[in-house]
Amino acid sequence: MTETIIKTASVKVMLSYDYSHFEASMSLENESGLTMQEIDDARKKCQCLADKAVGQYKKAKEMAAKRKNSEYNMWNFEEQCKRIQAKDEQDRTVEEIAMLKQYEDENWQAQFEYPYDYDDDDEYVL
(Lines give C-alpha, C1' and ligand atoms only; values in the text may rest on other atoms or scores of the structure.)
Protein backbone atom coordinates (compact mmCIF):
# COMPACT_ATOMS: atom_id res chain seq x y z
CA MET A 1 0.00 0.00 0.00
CA THR A 2 1.48 3.34 -1.00
CA GLU A 3 1.17 6.45 1.10
CA THR A 4 -0.81 9.32 -0.42
CA ILE A 5 1.26 12.44 -0.97
CA ILE A 6 -0.59 15.71 -0.48
CA LYS A 7 0.74 18.16 -3.08
CA THR A 8 -1.92 20.86 -2.76
CA ALA A 9 -3.86 22.05 0.27
CA SER A 10 -6.18 24.90 1.05
CA VAL A 11 -7.01 26.41 4.43
CA LYS A 12 -9.73 28.92 5.24
CA VAL A 13 -10.70 30.70 8.46
CA MET A 14 -13.96 32.59 8.79
CA LEU A 15 -14.91 34.71 11.79
CA SER A 16 -18.03 36.65 12.63
CA TYR A 17 -17.81 39.58 14.99
CA ASP A 18 -20.32 42.33 15.65
CA TYR A 19 -22.36 41.46 12.54
CA SER A 20 -19.27 41.64 10.35
CA HIS A 21 -17.57 38.71 8.70
CA PHE A 22 -13.83 38.26 8.28
CA GLU A 23 -12.25 35.62 6.13
CA ALA A 24 -8.70 34.60 5.35
CA SER A 25 -7.73 31.78 3.01
CA MET A 26 -4.46 30.38 1.79
CA SER A 27 -3.40 27.78 -0.76
CA LEU A 28 -0.29 25.70 -0.44
CA GLU A 29 1.45 23.76 -3.14
CA ASN A 30 4.57 21.64 -3.12
CA GLU A 31 5.35 19.00 -5.73
CA SER A 32 7.39 17.10 -3.12
CA GLY A 33 4.39 16.95 -0.83
CA LEU A 34 3.03 18.81 2.17
CA THR A 35 3.12 17.69 5.76
CA MET A 36 0.21 18.01 8.13
CA GLN A 37 2.39 20.39 10.15
CA GLU A 38 2.81 22.71 7.15
CA ILE A 39 -0.94 22.67 6.55
CA ASP A 40 -1.63 23.31 10.24
CA ASP A 41 0.89 26.18 10.27
CA ALA A 42 -0.93 27.74 7.31
CA ARG A 43 -4.22 27.42 9.21
CA LYS A 44 -2.66 29.20 12.19
CA LYS A 45 -1.39 32.00 9.96
CA CYS A 46 -4.88 32.41 8.48
CA GLN A 47 -6.35 32.53 11.98
CA CYS A 48 -3.87 35.26 12.93
CA LEU A 49 -4.86 37.28 9.85
CA ALA A 50 -8.55 36.97 10.70
CA ASP A 51 -7.86 37.91 14.35
CA LYS A 52 -5.86 40.92 13.16
CA ALA A 53 -8.79 42.00 10.96
CA VAL A 54 -11.15 41.83 13.95
CA GLY A 55 -8.69 43.83 16.09
CA GLN A 56 -8.35 46.51 13.44
CA TYR A 57 -12.13 46.60 13.01
CA LYS A 58 -12.56 47.16 16.76
CA LYS A 59 -9.98 49.96 16.72
CA ALA A 60 -11.58 51.60 13.67
CA LYS A 61 -14.99 51.60 15.40
CA GLU A 62 -13.43 53.09 18.55
CA MET A 63 -11.75 55.86 16.55
CA ALA A 64 -14.99 56.58 14.68
CA ALA A 65 -16.85 57.00 17.99
CA LYS A 66 -14.14 59.34 19.27
CA ARG A 67 -14.26 61.38 16.05
CA LYS A 68 -18.01 61.69 16.45
CA ASN A 69 -17.55 63.31 19.89
CA SER A 70 -14.39 65.26 19.09
CA GLU A 71 -16.11 68.52 18.09
CA TYR A 72 -17.92 68.72 21.42
CA ASN A 73 -14.80 67.67 23.35
CA MET A 74 -12.73 70.33 21.57
CA TRP A 75 -15.32 73.02 22.34
CA ASN A 76 -15.51 71.86 25.98
CA PHE A 77 -11.71 71.91 26.36
CA GLU A 78 -11.53 75.42 24.93
CA GLU A 79 -14.30 76.66 27.24
CA GLN A 80 -12.54 75.16 30.27
CA CYS A 81 -9.31 76.88 29.27
CA LYS A 82 -11.08 80.21 28.92
CA ARG A 83 -12.48 79.83 32.45
CA ILE A 84 -9.01 78.96 33.75
CA GLN A 85 -7.51 82.00 32.01
CA ALA A 86 -10.06 84.18 33.79
CA LYS A 87 -8.73 82.99 37.18
CA ASP A 88 -5.84 84.64 38.98
CA GLU A 89 -2.63 82.73 38.33
CA GLN A 90 -2.14 81.85 42.01
CA ASP A 91 -5.63 80.25 42.11
CA ARG A 92 -4.92 77.78 39.27
CA THR A 93 -4.33 74.10 40.07
CA VAL A 94 -1.44 72.12 38.62
CA GLU A 95 -3.90 70.37 36.29
CA GLU A 96 -5.29 73.70 35.12
CA ILE A 97 -1.79 75.04 34.45
CA ALA A 98 -1.07 71.93 32.39
CA MET A 99 -4.32 72.38 30.44
CA LEU A 100 -3.43 76.00 29.66
CA LYS A 101 0.04 75.00 28.54
CA GLN A 102 -1.51 72.46 26.21
CA TYR A 103 -4.07 75.03 25.01
CA GLU A 104 -1.36 77.57 24.22
CA ASP A 105 0.37 75.02 22.02
CA GLU A 106 -0.50 75.98 18.45
CA ASN A 107 -1.46 72.38 17.65
CA TRP A 108 -3.75 71.72 20.64
CA GLN A 109 -6.61 70.57 18.41
CA ALA A 110 -4.59 67.52 17.36
CA GLN A 111 -5.42 65.79 20.64
CA PHE A 112 -9.03 65.59 19.41
CA GLU A 113 -8.18 64.01 16.05
CA TYR A 114 -8.54 60.27 15.82
CA PRO A 115 -7.26 59.14 12.44
CA TYR A 116 -7.15 55.44 11.70
CA ASP A 117 -6.80 53.69 8.37
CA TYR A 118 -6.34 50.06 9.35
CA ASP A 119 -2.66 50.60 9.94
CA ASP A 120 -0.56 47.58 10.67
CA ASP A 121 0.06 47.25 14.37
CA ASP A 122 2.52 45.04 16.15
CA GLU A 123 -0.30 43.58 18.26
CA TYR A 124 -0.66 40.48 16.12
CA VAL A 125 2.42 38.55 15.16
CA LEU A 126 2.08 36.35 12.12
Quiz prompt | Straight-distance crosslink candidates among lysines, where the alpha carbon sits under 22 Å from K82 and sequence neighbours closer than 8 are dropped | solution = K101
Quiz item: Taking the Cα atoms only, what angle lies between the long axis of helix 94-104 and the longest principal axis of the chain, rounded to 10 degrees?
Solution: 80 degrees
Quiz item: Put M74, M36, M1 in order of accessible area, largest first, 1.4 Å probe: what do you get?
Solution: M1, M36, M74
Quiz item: Past the 26 Å Cα-Cα mark, which pairs from K7/K52; K7/K45; K12/K52?
Solution: K7/K52
Quiz item: Counting only heavy atoms of protein chains, what accessible area per residue, in Å², does the chain have with a probe of 1.4 Å?
Solution: 77 Å²
Quiz item: Hey, what number do you get for the chain at 222 nm if only DSSP H runs of n ≥ 4 count, each worth -39500 (n - 2.57), divided across all residues, to the nearest 500?
Solution: -18000 deg cm²/dmol
Quiz item: Under a point-charge model restricted to the Cβ atoms of Lys and Arg (+1) and Asp and Glu (-1), what is the dipole moment magnitude of the chain relative to its Cα centre, in debye to the nearest 20?
Solution: 520 debye
Quiz item: So what are the chain's ellipsoid semi-axes, whole angstrom, largest first, if each one is the square root of 5 times an eigenvalue of the alpha-carbon gyration tensor?
Solution: 55, 14, 10
Quiz item: If you line up the long axis of helix 36-86 against the longest principal axis of the chain, both from Cα atoms, how many degrees apart are they, to the nearest 10?
Solution: 10 degrees
Quiz item: Which listed residue (T2, W75, Y116) has the Cα farthest towards the positive end of the charge dipole for the chain, taking +1 on Lys and Arg C-beta and -1 on Asp and Glu C-beta about the Cα centre?
Solution: T2
Quiz item: Tell me, what is the 1.4 Å probe accessible area of D88, in Å² to the nearest 10?
Solution: 90 Å²
Quiz item: Roughly how many percent of the accessible protein surface of the chain is carbon and sulfur, given a 1.4 Å probe and a whole-percent answer?
Solution: 48 percent
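The values are calculated or read from the model by the stated rules, or taken from the named source; none is laboratory data. Since the structure is predicted, the reported quantities are computational estimates derived from the model, not experimental observations. Glycine gets a Cβ as well: all are built from the backbone with ideal geometry, and neighbour counts include every protein chain shown. Accessible surface areas use protein heavy atoms only, side chains included; no ligands, DNA or RNA. Shrake-Rupley method; radii C 1.70, N 1.55, O 1.52, S 1.80 Å.
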